[in-house]
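One structure below.
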Amino acid sequence: MKFKFKEQTKENILSLTCSGILLLCFYFLITNFPQLKLFLGNIIGILLPFILGFSLAFLLAPVTARVEKKWLAKSKMKPSAKRKVGVAAAIVFLFVVLISFMAILIPQLLESVMTLSTQLSDYLGKANTLLNEITEGLGFKTGWLEMVFSSSEALLESMLGMAKDYVPKILNYSWSFVRQTFNFFIAVIIAVYILLEKERFTEQFKKLAYALLPKPKVESLIQLSRLTSRMFNSFIIGKMIDSLIIGVICFIGMLIMRLPFAVLISFIVGLTNMIPVFGPFIGAVPGIFILFIVDPIYSLIFAVFVLLLQQFDGNILGPMILGDQLGLPSLWVMFSIIVGGGMFDILGMFLGVPVFAVLYVVVRGFVSGRLKEKNIRSDDML
């Protein structure tokens, strides 16, 4: 029996395959040529204020647009004045979020970490006693448990000791802190300038593109830039909202079930939820481990709770917020996460999906154009 696919389906399969091959080639270059990776790292380090500035402008643009086009729509202010008010509102919003985060969440996180570190030995002792009682009741020997817990306790205490030793050293790196703070404020200034002059930048980009490239290529490039902006905007902002909701639900659920370290664990779950597909499971691991050394029953309850929370996010909340805007099959989503994580760690796992989606759109357009030029139909290929 011969399977028949629609023409668009065949082009999509071919485009996705070509996109995957291109991504794997780039991964091969990064992993096998350390000098290339070092060169890219140096370039990113030099351009970090500009990269961060463009990122802030990208994230704050919806706030500026809302103030300018919604709240001040009926105002008699000049367009330039509306733009300045919108940008000012966006910057105020940014600093309110940052100050609220530092004032409310960070003290709670530090308190949870300090409590966990001071009571770690007691928690490990209780867990050891409980498991010994269980294994003795089942007729097993407990020597291996004592060995595992003694080695685990020694390892954790060693790690905590190293952390305590390194904290003063990290705090002494004042120059690094000052430099990063300086980079952040430079990035804010760059973001303000971009938001105020975005039409001017767009016009200059178009002029340069039309001067260097044929008109059809420029139109395709403009269309691609709009599509890229829409994809990244919808994905990043949608994922941030989704992760915030999941973190809050996790915190409320842990409070209702009276599980300890609710702030710390909920923060980890919400933060790692930014990573598609694997994020909830990555965030659940440290939570389960922390609760296990407090009480194994707590870890079991939390594992079931996170599983239900992940199902709610994957089947209800996520599709409601994000929808299917990237248009990638699940297999290629996981592929982009794994390859992106292999190249750029956590950041690559997060940005791998929208980057691959844009790459897929580019390759799909190229493949469709080349097939039309050669007068080849998809039915002729399979």
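Descriptive notes on the structure:
- Residue identified as surrounded by 14 or more Cβ atoms within 10 Å (Cβ to Cβ), out of contact with any Pro (no Cβ under 6 Å at 6 or more places or on another chain) and among the aliphatic types (A, V, I, L, M) among 231, 254: 254
- Verdict on residue 302 being surrounded by fewer than 20 Cβ atoms within 10 Å (Cβ to Cβ) and aromatic (Phe, Trp, Tyr): no
- Pairs are defined by a Cβ separation below 8 Å, a sequence spacing of at least 6 or placement on different chains, a first member in the stretch 336-362 that is under 21 Å from residue 41 (Cα atoms), and a second member that is at pLDDT below 75 and among the polar types (S, T, N, Q); the pairs so defined are 342/31; 343/31; 356/19.
- Condition met for residue 76 (part of a loop (DSSP other than H, G, I, E, B), at pLDDT below 85 and charged (D, E, K, R)): yes
- Test: residue in the stretch 271-293 that is outside any helix (DSSP H, G or I) and among the small types (Gly, Ala, Ser): no
For every residue, the table says whether it meets (1) modelled with pLDDT of 80 or more; (2) surrounded by fewer than 13 Cβ atoms within 10 Å (Cβ to Cβ); (3) within 30 Å of residue 196 (Cβ to Cβ).
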{"site": "67", "(1), (2), (3)": "yes, no, yes"}
{"site": "101", "(1), (2), (3)": "no, yes, yes"}
{"site": "109", "(1), (2), (3)": "no, no, no"}
{"site": "118", "(1), (2), (3)": "no, yes, no"}
{"site": "125", "(1), (2), (3)": "no, no, no"}
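- Any pair with Cβ under 6 angstrom, 6 or more apart, that starts in the stretch 76-91 at a residue that is among the β-branched types (Val, Ile, Thr) and ends at one that is surrounded by 14 or more Cβ atoms within 10 Å (Cβ to Cβ): 87/64; 87/192; 87/195; 87/196
- Residue list for the stretch 185-217, restricted to those being among the aromatic types (Phe, Trp, Tyr) and closer than 29 Å to residue 88 by Cβ: 185, 193, 201, 205
The values are calculated or read from the model by the stated rules, or taken from the named source; none is laboratory data. These figures come from a predicted structure and were not determined experimentally. Please note: Cβ atoms are built from the backbone with ideal geometry, for glycine as well, and neighbour counts cover all protein chains shown.
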